[in-house]
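Have a look at the structure below, then the notes.
The values are calculated or read from the model by the stated rules, or taken from the named source; none is laboratory data. Quick caveat: nothing in here was measured; it's all calculated off a predicted structure. Cβ placement follows ideal geometry from the backbone for every residue including glycine, while neighbour counts extend to all protein chains displayed.
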């Protein structure tokens, strides 16, 4: 009996990103048909379990322009749509989406924010990596973090060696009150007596 790998998907107006999450996949086979049929099979795991998948995509695709990258942890596919249009969902039909098919929120862009030229991915081979989540990092804006009170500025923290020196000085002062002097003088006094 074959198993189903987890699948994540996202889209742009002209393409669909499909990521099959299957670490250490062996003999991975991906087949894409112009009618929009996406098939996948591979074995993985210590017992070489067989994984299979067949997805009837929402619409037709351009097989020649689509790209597939088989990586160590996943199989990443950029499936070019035959006609640039926003799909309502990944799979055709009225049935419920299978539990192993999930939205890839790391790559997701809303239809309102999507433009073919502005997707930032172009014809670049991503190698299974999405760099869009790194956008907007940097700058001095801490997102409201500046409201915290920096009360630790007034604290004086001592180093461990300072604590040892302070302890020794305190002992010497206590010994001086007893009239016997420092601890070394006490040792000397007891050995001479």
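Side notes on the structure shown:
- Residue that is nearest to the chain's Cα centre (by Cα) [pool: residues in segment 57-67 that are crowded, with 16+ Cβ neighbours inside 10 Å and in a strand (DSSP E or B)]: 66
- Filtering 46, 25 for residues that are surrounded by 14 or more Cβ atoms within 10 Å (Cβ to Cβ) and either in contact with a strand residue (DSSP E or B) (Cβ under 8 Å, 6 or more places away or on another chain) or at pLDDT below 95 (or both) leaves a single hit, 25.
- No other residue among 43, 74, 66 is over 18 Å from residue 114 (Cβ atoms) and without any contact (Cβ under 8 Å) to a residue 24 or more places away in the chain apart from 43.
- Subset of segment 68-85 (residues that are part of a loop (DSSP other than H, G, I, E, B) and under 27 Å from the mean Cα position of the chain (by Cα)): 71, 72, 73
- For segment 7-39, residues that are part of a strand (DSSP E or B), under 25 Å from the mean Cα position of the chain (by Cα) and within 18 Å of residue 103 (Cα to Cα) total 12.
- Subset of segment 32-43 (residues that are crowded, with 17+ Cβ neighbours inside 10 Å and under 9 Å from residue 61 (Cα atoms)): 32, 36
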